[in-house]
Amino acid sequence: MFTLRSDLPLRGGGSGRFVASLVMVLVFIAAFAVTLSSYVGVLISGWERGVSGTLTVQVPAGENFDAEVAKTLDVLARHPAVAHASLVPRAQVDALLKPWIGEGAVKDLPLPALIDVEMRDSDPAAVAAVDASVKAAAPRAVIDEHRVGLARVASFARGLGGVAAAIIVLVTAALAVTIIFATRASLTECAQVIEVLHVVGAKDGYVAGQFARRALLQAVTGGVAGLALYAPALGIVAVLAARVDPEILPPAHLPLAHWLALALLPPAAGVLAMLSANITVRRTLAAKI
Amino acid sequence: MNPPTPQVEKKLPGDTISLNQVGLRYDGGPEVLSDLSLTIAPGSFHFLTGPSGAGKTSLLSLMYLAKRPTRGRVLLFGEDTTAAKRTRLAIMRRRLGVVFQDFRLLDHMTAFDNVALPLRVAGVAPGVVQRDVTELLKWVGLENEMDKHPPALSGGQQQRVAIARAVVNRPKLILADEPTGNVDDAIALRLMTLFVELHKIGSSVIIATHNHALVERFPFPRLHLEDGVLTRMPAARN
């Protein structure tokens, strides 16, 4: 039988507003951590899908440039480990560089030729074999194995994801500690009410339930307020991000799980608050007579 | 008053309460109660008298299980309370009704909710709570004050709410600590008649009081405490 009727005074009193506003801030922070973690996950999986099993061969500008490029393409096309090799058109290279160095400068640069290579087989031995063949055809050519670069970017991204996870853990701990101390203060405040409840035959569980229900309400209220604060903040970040060139900051479609996780933050805060309050009251009361 | 459905007795009721060689001290101080032995029979009515500081409130708080004795044993309805778990004590308290001099009403609740508290705490169904509390408030003459908060009631009205709260569970034992201490004599008399009626319908009653007029007027035996030691006195003759 669940009822919102409470035997405790000050349901919306000072300590209640304190708990609710603290939960609001914590949920706001946790929500950004959840989004950061999701965004990082989407970026990593996008990169991996895009570049796994690919190489880029660069043939630097210089003497015999056209001949070297043609020879390299020929070697790659015939190599057993290579599925497909194609020259990246100059216009596309210009487009890639434009956001970084500007349109005018790009035109006159002695750019290397870029050859996109799709590997049939991308184990290190195959990559080494391709590398050897390319070097034989064009000694100054450089093979750019995306996996190495990607691995570094991905580990940076995973680091960010780890930070996000740590934020969530810390926020959870902060919430529990807040509730424990607020409940203890409240127990002192409500000492007379508790005494009366005991005299009329309330078990500790009943008293704990009263505090737990109050903590639940405060935390859910604070949690919803935190999300309400978070939504426009995320909107602003999204608008700013959309204005960045997609080559620098790829757009990410956050998965449904991310939005569900956000929606679960207020109830999760509520349940955590309820448990913390319940345990605190039971422990405090159990120490009496 | 139509009593709420009586609770089924698990065992045959023996003595209402019995104390055996009980001593009580606070935080290692001297004993406020020493070698106290007494037995209260079911359906009895006692005054508890004695000068201030004699230990009346301490004795009552042992009886309503707010304190455990530092030595000796307290048996309530035949059950040893000395080593009982807190949960068990809570269940036992539901068969007691306690009235305080300072009423101890919860000011943030209406008179109705104050009286309903013991039933709600015991998980009684809302319909039964509504019926019993309404009847009881009528019985104490407060049917028009049910929705008022205690600060809006007079002292006498507050004490009647407190008595209603104490008896709403149909307690076997009613303990009152100076219940008439904060009201004038006419109201004190009226409150006493409520206790006498409750006694007539089967509750044991113990009233700690300083009020000599009441003790003289009502022919009930006295338990007299002096420096933490108990003596029994026969009923005053009037």
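Observations, loosely collected:
- Residues of region B:91-111 satisfying the condition of being within 17 Å of residue A:7 (Cα to Cα) and not in a loop (DSSP other than H, G, I, E, B): B:111
- Positions within region B:165-201 being within 19 Å of residue B:63 (Cβ to Cβ) and open to solvent by 50 Å² or more (accessible area, probe 1.4 Å), in sequence order: B:170, B:172
- Test for residue A:55: is it within 19 Å of residue A:235 (Cα to Cα) and aliphatic (A, V, I, L, M): no
- Residue within region B:8-20 that is without any contact (Cβ under 8 Å) to a residue 40 or more places away in the chain, touching a Phe, Trp or Tyr at 6+ places or on another chain (Cβ under 7 Å) and closer than 24 Å to residue A:195 by Cβ present: no
- Condition broken by residue A:201, with the remaining ones in (1) part of a helix (DSSP H, G or I); (2) buried (at least 21 other Cβ atoms within 10 Å of the Cβ); (3) within 14 Å of chain B (Cβ to nearest Cβ) satisfied: (1)
- Test result for residue B:73, surrounded by 15 or more Cβ atoms within 10 Å (Cβ to Cβ), within 14 Å of chain A (Cβ to nearest Cβ) and under 25 Å from residue A:288 (Cβ atoms): no
- Scan of region A:271-289 for residues that are within 14 Å of another protein chain (Cβ to nearest Cβ) and open to solvent by 40 Å² or more (accessible area, probe 1.4 Å), ordered by number: A:282, A:283, A:284, A:286, A:287, A:288, A:289
- Residue B:83 at pLDDT below 90 and within 14 Å of chain A (Cβ to nearest Cβ): yes
- Listed conditions (1) of a type outside the set (Phe, Trp, Tyr); (2) surrounded by fewer than 21 Cβ atoms within 10 Å (Cβ to Cβ); (3) closer than 23 Å to residue A:20 by Cα are all met by residue A:154, apart from (3).
- If you go through region A:131-153 and keep only what is within 16 Å of residue A:53 (Cα to Cα) and touching a helix residue (DSSP H, G or I) at 6+ places or on another chain (Cβ under 7 Å), you end up with A:143, A:145, A:146, A:150.
- Just one of the listed residues (B:122, B:116, B:111) is of a type in the set (Gly, Ala, Ser), touching a residue at least 40 places away in the same chain (Cβ under 8 Å), away from chain A (no Cβ under 13 Å) and open to solvent by less than 60 Å² (accessible area, probe 1.4 Å), namely B:111.
- Looking across A:268, A:225, A:215, A:263, one residue alone is assigned to a helix (DSSP H, G or I), among the aliphatic types (A, V, I, L, M), buried (at least 18 other Cβ atoms within 10 Å of the Cβ) and free of Cβ contacts under 8 Å to residues at least 60 places away in the same chain. It is A:268.
- Only residues that are away from chain A (no Cβ under 14 Å), assigned to a loop (DSSP other than H, G, I, E, B) and among the small types (Gly, Ala, Ser) were counted in region B:32-68, giving 8.
- Residue A:193 without any contact (Cβ under 8 Å) to a residue 40 or more places away in the chain, surrounded by 12 or more Cβ atoms within 10 Å (Cβ to Cβ) and in the same structural domain as residue A:32 (by TED's automatic domain parsing): no
- Among the residues making up region B:94-108, those that are within 12 Å of another protein chain (Cβ to nearest Cβ) and within 17 Å of the chain's Cα centre (by Cα) are B:94, B:95, B:96, B:97, B:98, B:99, B:100, B:102, B:103, B:104, B:105.
- In summary, residue A:71 fulfils each of the numbered conditions (1) touching a residue at least 60 places away in the same chain (Cβ under 8 Å); (2) open to solvent by less than 60 Å² (accessible area, probe 1.4 Å) with the single exception of condition (2).
The values are calculated or read from the model by the stated rules, or taken from the named source; none is laboratory data. Because the structure is a prediction, the values reported are computed rather than measured. Every residue, glycine among them, receives a Cβ derived from its backbone with ideal geometry; neighbour counts consider all protein chains shown. In case anyone asks, the SASA skips ligands and DNA or RNA and just uses the protein heavy atoms, side chains included. Shrake-Rupley method; radii C 1.70, N 1.55, O 1.52, S 1.80 Å.
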